[in-house]
Structure formats: structure tokens, C-alpha cells
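The values are calculated or read from the model by the stated rules, or taken from the named source; none is laboratory data. Since the model is a prediction, treat every value here as computed from it, not as a measurement. Here Cβ is always computed from backbone atoms with ideal geometry, including for glycine, and neighbour counts include all displayed protein chains. Just the protein is used for accessible areas: all its heavy atoms, side chains included, with ligands, DNA and RNA removed. Shrake-Rupley method; radii C 1.70, N 1.55, O 1.52, S 1.80 Å.
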Amino acid sequence: MNDELKDEDTRGARVLIVYPQMRGKGDLDTGARLEEAHGLALAIGLIVADAIAIPIREPRAGTLFGEGQIQNISVACELNGAELVIVDGSLSAIQQRNLEEKLKRKVIDRTGLILEIFGERAATAEGRLQVELAHLDYQARRLVRSWTHLERQRGGFGFLGGPGETQIEADRRMIRDRMARIRRELEQVRRTRGLHRERREKAPWPVIALVGYTNAGKSTLFNKLTGADVMAEDLLFATLDPTMRAIRLPGVEKAILSDTVGFISDLPTQLVAAFRATLEEVTAADVLLHVRDIANADTEAQKRQVLEVLADLGVMTEEGDDGAEPAIPIIEVWNKWDLLASTHAEELRETIAQRANETIVPLSALTGLGCDHLLQIVSQQLTAGAQLYSFVLPTADGQRIAFLHARGEVVSEEPAGEGPDGPQVCMQVRLTKRELGRFGTL
């Protein structure tokens with residue numbers, strides 16, 4: 001648990017959210033950013049007393065805000081009975097400490113809040129390790145020389161130190177040692193995940209990964225398509241650990257659907273690094289379903305945030321004339337269609353018609369509207385570009401023959417006489433390039 005909020009009495013505490021509005025920074029508008037910060041606070045059980053935006057012209061090195069602005073924050077805390085102040089931005093250790101001294105209240109920044117949410121929601125051993133690594137990295141960056149009574153005792157000559165070390169240096173050493181141990185454990189998890197991925201690539205089942213902004217409805221759609229009971233609530237980061245289930249598609253015997261962690265604007269760099277192993281599952285998918293909350297006014301800004309993370313993972317390539325092109329086919333799922341007014345829905349249908357070069361599926365994961373159409377589109381995508389190939393195989397080679405039946409469209413299958421390994425069969429099969437590559441590894 002993050003030290004920022006580990007005290008039990010912080011749950012249910014009244015908080016004041018302060019958004020430092022800096023000119024030219026941020027993809028979301030001010031109202032959306034405050035609403036998102038409100039959702040993050042609710043996700044950890046805090047009571048939002050008020051949320052305000054404060055324009056920042058020149059950030060102060062020591063406090064971020066000016067003296068008059070700090071006074072206004074203090075007054076707002078008194079009026080709203082706020083015990084905690086959440087600054088919806090990044091604070092240095094010095095800024096956080098100085099603000100706490102001036103406001104006489106606990107202060108945390110956006111990174112600390114998100115780390116706390118991740119720490120509470122991570123359910124698997126891997127997820128907990130990833131969160132702890134991110135938290136330790138965050139903590140190590142915030143160790144400042146605040147223990148003046150424990151300064152280094154110099155003795156001896158040259159570079160030789162005295163008999164002791166400062167408290168801050170001891171803390172840093174312990175953090176470094178713990179981070180090294182966690183990285184070794186995560187490396188083992190990565191190797192195991194890689195082996196599982198290799199086995200899935202050899203298995204005759206395509207993988208479909210759900211990606212999208214947090215609270216876009218990925219887990220709700222996952223449950224609707226698979227009949228699973230993954231936690232799906234109207235909360236930011238309701239689920240963190242990846243979940244996989246088998247589903248059936250028209251013309252495809254079996255496929256694997258994977259639910260992944262949601263993205264968010266200004267996702268802390270520590271978390272992006274820590275969860276890279278989990279997010280790398282996306283890079284091994286055959287198709288990505290980009291689930292968007294189409295009823296959200298900032299859906300386009302959220303889309304840009306998701307595409308930035310996908311580009312960071314190497315999912316997007318620089319092949320197209322118009323910029324990044326997906327290395328893996330992406331189907332946009334415009335979710336929460338049931339929340340749209342009829343006029344807005346009609347406008348969006350016209351938009352879909354105009355963007356004929358993209359694959360867009362409107363649906364409601366909550367009601368099931370459009371889900372059957374989505375499965376048909378995914379099936380078409382998985383079987384698109386298939387070509388006819390001819391194979392002569394020993395009849396005793398059950399593994400490869402079963403693969404061709406499961407992953408391809410068998411056009412013909414006839415005896416082909418005797419071969420070095422006994423009776424043979426000639427098979428005419430329609431396969432995609434990806435399936436042909438997997439067949440070659442068997």
C-alpha cells in the first residue's frame with residue numbers, strides 16, 4: 001500500500017481536488033480533467049468536498065502555486081472541511097513537503113493517487129509485484145534531505161566515510177535492494193508469460209485483446225461476450241490484472257479474448273514501465289478491439305491517449321502516408337451507444353459511413369446491442385486475406401492435420417499414396433499468412 005494514503009482513517013476522508021491548469025499542457029479540457037480526478041478519488045473511497053482549477057503561469061519551484069493561490073486553497077479546505085488535498089498533477093518532493101507545511105494538511109499528487117488505486121486493485125502476485133516496483137521507484141525519487149540531524153559523520157581521509165551513513169542513504173539502499181529483487185521475480189514471470197505466449201502461438205486459436213481508456217466498458221464487454229464475471233463497475237481502474245477466456249466466433253472454432261488494464265491521461269511513467277510485461281500481451285494479439293466510451297465528450301482525446309500507449313508498445317508502425325499505421329488490425333468499438341440521444345447517434349452513424357476505410361462497430365456492452373455484429377466483424381478480420389495452399393502430410397501427423405482443420409478452411413482432402421512415413425494425405429486449405437506462419441512452427 002502506498003505510504004501516502006496507508007492510514008486506515010484516510011478512507012472516507014474529505015478531500016479537495018486542485019487541478020494546476022498550465023497553458024498549452026494537457027489533452028483533456030479542464031472540466032473533463034476535474035471529472036476524471038473526481039473519479040480517481042472515488043475509486044479509492046475518498047469523499048470529494050470540492051474540485052477547483054487554478055491557472056498556473058509560472059510554476060514555483062518550491063510550491064508550484066503562488067502564495068495567494070496557496071492561501072485560496074487553504075480557505076477552500078477550511079470551508080469544505082477537507083482533510084486531504086489532491087493536486088491533479090505532478091509534484092516534486094520539495095513541493096509536496098512545502099505545501100503540506102503551508103496548508104497543514106496531507107498533500108498527494110496524481111501519481112501517488114493512481115499508485116494507491118493500483119495497489120488496492122492488483123489481485124495477482126504479478127500485479128502486486130508490478131505495483132510495488134512502481135511505488136518504490138516513486139518513493140526513491142521523493143527522498144529528500146529532511147533529516148538534518150542525521151548528516152554524514154566524516155572520519156578518515158579522502159573518500160573514506162565515517163562510521164555511519166545518513167538515514168536517507170540507508171533508505172535508498174534498502175529501496176534499491178528491494179527493487180532489484182522484484183525485478184528478478186518479474187523477469188521470471190516474463191519468461192513464464194513468454195513460454196505461455198509461445199504455446200498459444202502454436203495452438204490453433206487466435207487471440208483478441210481488448211484495449212481502451214479506463215472505464216470505457218472493456219470488462220463489461222468481456223463479460224457479455226464470454227459469460228464471465230470479471231469485476232465491471234462504473235469506476236476508474238475497476239480491473240487491473242489481465243483475464244483470458246475462450247469464445248466462439250462465426251466460422252472460427254475457438255478464439256481467446258483478453259481483457260487488459262485501462263489507459264489514462266498522464267499515466268505515471270513508473271506504472272507504464274512496471275506494467276509493460278502485462279501490456280505486452282497486446283502485442284501478441286491477432287486483433288485489437290479498441291473500446292471507446294463514445295458517449296463521453298472527450299472520447300477523441302481518450303483515443304489519442306490510447307494510441308500513444310499502443311505506439312509506445314510498438315503496436316503502431318510508421319508505414320502509412322498519414323502517420324502511424326497499426327501493425328495489428330484494430331477494430332474500434334464505439335461502446336455505450338445506449339446512452340446517446342437519437343440525434344447524436346444519427347450523427348455518429350453518418351461519421352461511420354464517411355470513415356469507410358476504418359472498421360467501426362457501434363454497440364452497447366450493457367444491453368448487448370451490436371455484440372453479434374461485432375463477433376461477425378472479428379471473424380471476418382481473422383479470416384481476411386486467406387489464400388489457398390496445398391499440403392501433403394503423413395496421415396499419422398495428427399497435430400498438423402488438426403491445426404489445418406481448426407484454423408483453416410479445408411477445401412479438399414484426398415489420399416496421396418505412400419510416403420517415407422507411411423500413408424499420406426493431400427489437403428487443399430485456405431489459410432491467412434499469420435496462420436501459415438504458425439503452421440510452419442509445428
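In the structure shown, do any of 106/303; 224/303; 336/433 have a Cα-Cα gap over 30 Å, and if so which?
Checking Cα-Cα distances, 106/303; 336/433 exceed 30 Å.
Taking amide H positions as placed 1.01 Å from N in the peptide plane, with prolines and chain starts having none, which residues 5 or more places from residue 60, or on another chain, fall under 5 Å of its amide H?
65
To the nearest 10 square angstrom, how much accessible area does residue 174 have with a 1.4 angstrom probe?
Roughly 110 Å² of residue 174 is accessible to a 1.4 Å probe.
Show me, for the range 50-63, the HN-Hα J-couplings you get by feeding each phi into the Karplus relation (A = 6.51, B = -1.76, C = 1.60, θ = phi - 60°), rounded to Hz, glycine and proline as x.
Each residue of the range 50-63 in turn: 6, 9, 10, 10, 10, x, 10, 8, 10, x, 7, 4, x, 9 Hz.
Count the net charge of all other residues whose Cβ sits under 12 Å from the Cβ of residue 184, scoring Lys and Arg as +1 and Asp and Glu as -1.
With Lys, Arg at +1 and Asp, Glu at -1, the neighbours total +2.
Arrange the peptides 349-361, 382-394 so that the one whose residues have, on average, the most other Cβ atoms within 10 Å appears first. Write out the running numbers ahead of the final one.
On the way: 349-361: 12.1, 382-394: 14.9.
Output ranking for 349-361, 382-394: 382-394, 349-361.
What does the charge count around residue 341 come to, taking other residues whose C-beta lies under 14 Å from its C-beta (Lys +1, Arg +1, Asp -1, Glu -1)?
Charge balance near residue 341 sits at -1.
For every other residue with a beta carbon closer than 13 angstrom to the beta carbon of residue 77, add +1 if it is Lys or Arg and -1 if Asp or Glu, then tell me the sum.
Once positives and negatives cancel, what remains is +1.
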